[in-house]
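Have a look at the structure below before the remarks.
The values are calculated or read from the model by the stated rules, or taken from the named source; none is laboratory data. All values derive from a computational prediction rather than experimental measurement. Here the Cβ positions follow ideal geometry from the backbone for every residue, glycine too, while neighbour counts run over all protein chains shown. Ligands, DNA and RNA are excluded from the accessible area calculation, which covers all protein heavy atoms including side chains. Shrake-Rupley method; radii C 1.70, N 1.55, O 1.52, S 1.80 Å.
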Amino acid sequence: MKKRESIIVTGGAGYIGSHTIIELLQQTNYDIISIDNYSNSHESANANIEKITGKKINFFNVDLCDKDSLNTQLKDVKDVAGVIHFAAFKSVPESVADPLLYYHNNIESLVNILDLCKQKNITNFIFSSSCSVYGNINDLPVTEDSVLGKAESPYAYTKQVGEQMVSAFTKTIKGFNAVTLRYFNPVGAHISAQIGELPIGPPTSLVPIITRTAIGIIPKMSVHGNDYSTRDGSCVRDYIHVSDIADAHIKALQYVVEGKNKNPLFLFNLGTGKGVTVLEAINSFEKVSGLKLNYEIGPRRGGDVEAIYANNSLAKQELNWEPKYTIDEMMLSAWKWQEYLSKLTTN
Ligand code: UDP
């Protein structure tokens, strides 16, 4: 009988990691080894994943920058079919304020997890990247062939470097397959409303700031600039539901595990292909929640690109993937998650 294989998910308690584990448990027969140090996530996510899926996961509290701890704690792990590497810091403004934190954490953790793949002969690797690697780009929508611009933030730079590391490493190991996924703006929450985005400390991303403002945790939010050359002056992003992103990971994993990839390294844009301004996102939220959001127009935020959205044809064609959720559904799911959280704290 074939041994049951596992998938290692780093950052498994985090926002995209937790949604991806749910999809893995629901769509595949793999056992899950989740690694997280809870630096920007909550251990309670593990129990919520198990509750939603009715399945158990193995989780390890490991800082991926601590190579000795990683190797010791995973010493007995074998039969791993692949690694999905999410664990990283991801805030543009935080990276502008503390670049060394980002260079250290995001790069060193990647070195150590690739080294673990080498030691354990793990030959399938999915890497979380970001559309921020494109920088400010004139030709929209961006395709995977677009020439990368200057990284606008240290965070974006760590993703550019990370992609190059994965590419260089892939060339050194025969039979090693990697898929780099460039996320646009993942938002929203699982349909159960029991898993969602829950950063430690104040959020910096737009949608959690919107929902926290609506519930009254944040008194007033700011739109970071309305003097960009866009249809209403606010920045344009390609918001995509986190469960659509999670689903793409399952398809990317199956793509390499089943040997459908024509090259050892592939990269895909994960977006809906639709650009939405900050003010349009706010309007969508107000429509689905029935609430008036308390916001003002503020100055531009350092490190922001003006507009970016994806050409997602390659992922659709190669992975047979189709994002399902509309912007209104994304906002409604984020709002239901915020309401769930506020019930937890008031009970
Ligand atoms: N944004 C905003 N107010 C906020 C937070 C974000 O206007 O309180 C804007 C931000 O300047 C950017 C967009 O919302 O134009 C998306 O920002 P987010 O941090 O969610 O994602 P990013 O694209 O920076 O990774």
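Quick notes on this structure:
- Ordering His249, Pro141, Ser91 by Cα displacement along the dipole of the chain toward the positive end leaves His249 in first place; charges were set at the Cβ atoms of Lys, Arg (+1) and Asp, Glu (-1).
- In degrees, nearest ten, helix 206-215 long axis to first principal axis of the chain (Cα): 60
- Under the Debye formula (equal points on every Cα, no solvent term), log10 I(q)/I(0) of the stretch 238-306 at q = 0.12, 0.24, 0.25 Å⁻¹: -0.56, -1.15, -1.18
- Accessible area in square angstrom per residue, the chain, 1.4 angstrom probe: 44
- Ordering Ile308, Met330, Pro264 by the projection of their Cα atoms onto the charge dipole of the stretch 253-341, which places +1 on the Cβ of Lys and Arg and -1 on the Cβ of Asp and Glu, puts Pro264 at the extreme positive end.
- Descending Cα extents along the principal axes, the chain, whole Å: 58, 50, 38
- Helix 44-53 axis versus longest C-alpha principal axis of the chain: approximately 80°, rounded to the nearest ten.
- The local environment of Thr53, defined by Cβ-Cβ distances under 14 Å, has a net charge of 0 under the rule Lys, Arg +1 and Asp, Glu -1.
- The stretch 181-281: trypsin sites (Lys or Arg not before Pro) in DSSP loop, at most 10 other beta carbons within 10 Å: Lys220, Lys262
- Taking Ser41, Ser313 and ordering them by how much accessible surface each has at a 1.4 Å probe, largest first, produces Ser313, Ser41.
- Degrees between helix 154-172 axis and first principal axis of the chain (Cα, 0 to 90, nearest 10): 20
- Helix-only CD estimate at 222 nm, as mean residue ellipticity for the chain, using -39500 (n - 2.57) per DSSP H run (n ≥ 4): -12000 deg cm²/dmol
- Overall, the anisotropy analysis places the stretch 136-197 in the oblate class: the square-rooted eigenvalues a ≥ b ≥ c of its C-alpha gyration tensor yield a/c not less than 1.5, with a/b not exceeding b/c.
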